[in-house]
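**Student:** The structure under discussion is supplied below as structure tokens; questions concerning it will follow.
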Amino acid sequence: MLHAAAIDVAFVDIQLAGGTSERDGLELVRAQSARPCAPAFVLATAHSQHALEAFDLGVVDYLTKPFTEARVAQCLARVRARVPAREASPLRIVGRRKRALVFVRLDEVWAFEAAERLAYVHVPQGRLDIDLSLLAIEASFGRTLLRVHRNWLVNAARVSEARGQRRQYRAPRRRNYTSRSRASAPFAVRDALLGNTFGIRPR
């Protein structure tokens with residue numbers, strides 16, 4: 001995992017579960033710290049006797065159990081001082097269209113759809129296949145998306161019109177997404193859409 005992902009900081013115990021010795025964590029740090037792209041290491045352990053050796057290996061900090069909140073805060077301050085802040089790149093969504101991968105920003109998304117055990121994202125380029133469930137998408141993007149139906153998540157910022165008891169939502173290019181199963185609670189969706197607007201009196 002340390003080789004495969006860009007990890008900034010690794011918190012490592014001295015004695016690792018399933019290890020072959022009581023110093024596996026220390027040996028892991030020793031082996032990895034020489035790599036050019038190695039993460040910063042913090043050792044966390046119930047034993048204080050390895051602290052000098054750990055600092056010789058260049059660890060950022062050495063936490064001994066039990067941790068206090070103040071001590072962990074001090075450790076994180078040291079980590080921030082040592083590890084340069086990485087400029088976060090905006091999260092993009094990738095979908096498939098035939099054999100091509102299409103990359104889109106969240107603000108380009110009109111809606112996500114689940115149908116027949118498959119999931120799709122609706123964007124200006126068309127409908128793209130994706131591998132995520134609506135539940136995973138909802139957990140990732142939170143309130144940006146509005147669940148108007150058990151099979152539909154709509155980008156609230158893209159909704160330009162909501163009408164009728166069955167709640168039809170109009171997005172760009174005259175695409176309409178209709179909520180049927182949630183018609184019993186249309187006001188919850190309406191209130192969510194009106195959350196950052198003015199001009200209509202609340203119900």
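The values are calculated or read from the model by the stated rules, or taken from the named source; none is laboratory data. The shown structure was predicted, so the numbers you read here are calculated from the model rather than taken from an experiment. With ideal geometry, Cβ positions are generated from the backbone for all residues, glycine too; neighbour counts draw on all protein chains shown. Heavy atoms of the whole protein, side chains included, go into the accessibility calculation; ligands, DNA and RNA do not. Shrake-Rupley method; radii C 1.70, N 1.55, O 1.52, S 1.80 Å.
Each row is one residue, and each column tells you yes or no for (1) open to solvent by less than 90 Å² (accessible area, probe 1.4 Å); (2) in contact with a strand residue (DSSP E or B) (Cβ under 9 Å, 6 or more places away or on another chain); (3) not hydroxyl-bearing (Ser, Thr, Tyr).
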{"position": "Gln49", "(1), (2), (3)": "no, no, yes"}
{"position": "Thr64", "(1), (2), (3)": "yes, yes, no"}
{"position": "Arg78", "(1), (2), (3)": "no, yes, yes"}
{"position": "Arg82", "(1), (2), (3)": "no, yes, yes"}
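**Student:** Name the residues in segment 103-119 that are assigned to a strand (DSSP E or B) and surrounded by fewer than 17 Cβ atoms within 10 Å (Cβ to Cβ), would you?
**Tutor:** Phe103, Val104, Arg105, Ala115, Leu118
**Student:** Would you tally the residues in segment 11-25 being open to solvent by less than 50 Å² (accessible area, probe 1.4 Å) and either in contact with a Leu (Cβ under 7 Å, 6 or more places away or on another chain) or of a type in the set (Lys, Arg) (or both)?
**Tutor:** Going through segment 11-25 one residue at a time, the tally reaches 4.
**Student:** Sticking with this structure for a sec: Is it the case that Val72 is on the phi < 0 side of the Ramachandran plot, open to solvent by 30 Å² or more (accessible area, probe 1.4 Å) and of a type in the set (Val, Ile, Thr)?
**Tutor:** In short, yes.
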